[in-house]
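Structure record follows, encoded as structure tokens.
The values are calculated or read from the model by the stated rules, or taken from the named source; none is laboratory data. Quick caveat: nothing in here was measured; it's all calculated off a predicted structure. Virtual Cβ from ideal backbone geometry, glycine too; neighbours counted across all protein chains shown.
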């Protein structure tokens, strides 16, 4: 069954910059957004993709209770690229109750709770008023913030499937539209730096001490980033210039909690299902934006899956050396990058990577290149073996 | 949206599986509060039993229970996991470590910290490679999960299991989210009637109004658990009479479920 949706507005705030023009400028000039870790007092030897300026942008007014790094990043994203006026126009067109909100996140505002633990009383109690749990740490917080900020009253949920979270929002939104209880859905993803992910990935030995080098023979881990991204999805018709979501594919590895299936079976299933839904063949895909985290196991498993389906012809690259791995925001951030690639007929090279691992068989692009693109794929795979693949194209 | 409920599972204090809970909800037997057994679901392999957290075991107990009376196997089912708070035990463990001088996070805690940890363990246990989505909507996470599962069944034309679960936060986190009891509810949902189908549900959105009362005979302490918002629907399933159940969904909207017995 073909599922085509028009993407009628896009907004992004990511380590490459705020807004599509800044992001595109960095992308085409091969400028990355990583730096040596300078997040708070986290003593972790790694590089991070940090969103600039959030410390000086507290949330004030009606939504002040939602103030935390993650929600500041969400608002910074919503304010880019004419997204708010586009949603306001859709609200007039459809009514606020017919527009849904689905946001992916993994750690939400947990940073607030992490810091509160440092301020505990001598007997170990949290001072209750120091944590606004519902408005910060709880995963629903960011979806509520987005919904209220945009003045929407339709269906709403947060999705949290680790690093596929904000790819999965496209699948659920497609179902909401197909089931008929929405006329438009604001999808997005927001994840921000916190101690849990920096120290957690470090404990698994998955952080690189240098900028991550996806697919490199000497790759040795990922770089964590933070980002917010949003898109407005509507049924096709009257949006001929828009990029369209042509298909989505979801799967579970059913293999291991934190390492992918060695042959990439779950990843391959997600891509197969996405192509089937888009009624497309592998040859119809002109570029694959890899999940490509830069850990030895992830890149190898994804390569096996791509080789099985696409062979060595389809150009692939990872953009995580540019933005870092933005975790729950990776799906939407890489969807934004993939759409910029489509709009500008551009394939971004895999930054920092010097020598492609000879074990990898797919066509990994190291240098950026201009070439005509009709349809592209974006892959997102998460802990728990949760996989989601999205197909975007110029035509409905 | 029209769906068919083809299996039910439950795990909680004094609510030890659907077979035992069913007569409590019909009033045939009295509820007796017993501490939640915290048994480890036998569907998990030895390695996963060892690594799994309380939140994972709770959700999977209900999921496994829902398969008992149904005519579908776990590997044939997509899943939707709904939880307001995820795993407070893991959150506490990690925040405590991060506030200490060593700041070490245990690798096992970290991989269990993802919201979709129950989904990951369940897919490994059942070998299901189908889609799995984990949703959160704070107090109305059950309703959000039901929408997700119902739209999945309706649009994808495939059966899906909804598992809603939450458990108490340990101190000191308990003060910021005072959930009193553990509870997990699982519903096996199919797009068409099956031999094992118990009820047909028609799900609609309505402007916010009166919502269905919490089932009588159950302790107040259960109410603080967001998954307990699904209990009025379980009462309808137990009684198998025509019934309209309204669940709060948002400040503006309720989810109305028109329940009809049989398939």
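Table for the structure above
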| read-out | value |
| --- | --- |
| Qualifying residues in segment A:363-396 (those that are more than 16 Å from residue A:342 (Cβ to Cβ) and surrounded by fewer than 24 Cβ atoms within 10 Å (Cβ to Cβ)) - the one nearest to the other protein chains (Cβ to nearest Cβ) | A:363 |
| Residues (closer than 19 Å to residue B:89 by Cβ and either loosely packed, with under 12 Cβ neighbours inside 10 Å or in contact with a helix residue (DSSP H, G or I) (Cβ under 6 Å, 6 or more places away or on another chain) (or both)) located in segment A:114-124 | A:114, A:116, A:117, A:124 |
| Any chance residue A:22 is more than 20 Å from the chain's Cα centre (by Cα), at pLDDT 95 or above and surrounded by fewer than 19 Cβ atoms within 10 Å (Cβ to Cβ) | no |
| Qualifying residue in segment B:224-244 (condition: touching a residue at least 40 places away in the same chain (Cβ under 8 Å), in a loop (DSSP other than H, G, I, E, B) and on the phi < 0 side of the Ramachandran plot) | yes |
| Single residue of A:52, A:57 found to be at pLDDT below 95, surrounded by fewer than 22 Cβ atoms within 10 Å (Cβ to Cβ) and over 14 Å from residue A:109 (Cβ atoms) | A:52 |
| Any hit, segment A:275-293, residues being within 14 Å of chain B (Cβ to nearest Cβ), buried (at least 24 other Cβ atoms within 10 Å of the Cβ) and closer than 21 Å to residue A:10 by Cβ | no |
| Residue list for segment B:70-101, filter: more than 22 Å from the chain's Cα centre (by Cα), at the interface with another protein chain (Cβ under 10 Å from one of its Cβ atoms) and not in a helix (DSSP H, G or I) | B:100 |
| Condition met for residue A:95 (out of contact with any strand residue (DSSP E or B) (no Cβ under 8 Å at 6 or more places or on another chain), at pLDDT below 95 and on the phi > 0 side of the Ramachandran plot) | no |
| Residue in segment B:152-171 that is touching a strand residue (DSSP E or B) at 6+ places or on another chain (Cβ under 9 Å), surrounded by 22 or more Cβ atoms within 10 Å (Cβ to Cβ) and at the interface with chain A (Cβ under 7 Å from one of its Cβ atoms) present | yes |
| Lone unmet requirement of (1) farther than 21 Å from residue A:13 by Cα; (2) at the interface with another protein chain (Cβ under 10 Å from one of its Cβ atoms) for residue A:208 | (2) |
| Residue in segment A:147-171 that is surrounded by the fewest Cβ atoms within 10 Å (Cβ to Cβ), counting only those that are more than 30 Å from residue A:257 (Cα to Cα) and within 7 Å of another protein chain (Cβ to nearest Cβ) | A:153 |
| Only listed residue being out of contact with any helix residue (DSSP H, G or I) (no Cβ under 7 Å at 6 or more places or on another chain) and closer than 15 Å to residue A:286 by Cβ, chosen from A:343, A:355 | A:343 |
| Qualifying residues in segment B:12-40 (those that are without any contact (Cβ under 8 Å) to a residue 24 or more places away in the chain and buried (at least 16 other Cβ atoms within 10 Å of the Cβ)) - the one farthest from the other protein chains (Cβ to nearest Cβ) | B:16 |
| Within segment A:82-110, tally of residues that are farther than 23 Å from residue A:10 by Cβ, facing chain B (nearest Cβ under 10 Å) and touching a helix residue (DSSP H, G or I) at 6+ places or on another chain (Cβ under 8 Å) | 2 |
| Some residue of segment B:117-140 being surrounded by fewer than 20 Cβ atoms within 10 Å (Cβ to Cβ), at positive phi and not in a helix (DSSP H, G or I) | yes |
| Test: residue B:181 is away from chain A (no Cβ under 14 Å) and assigned to a strand (DSSP E or B) | no |
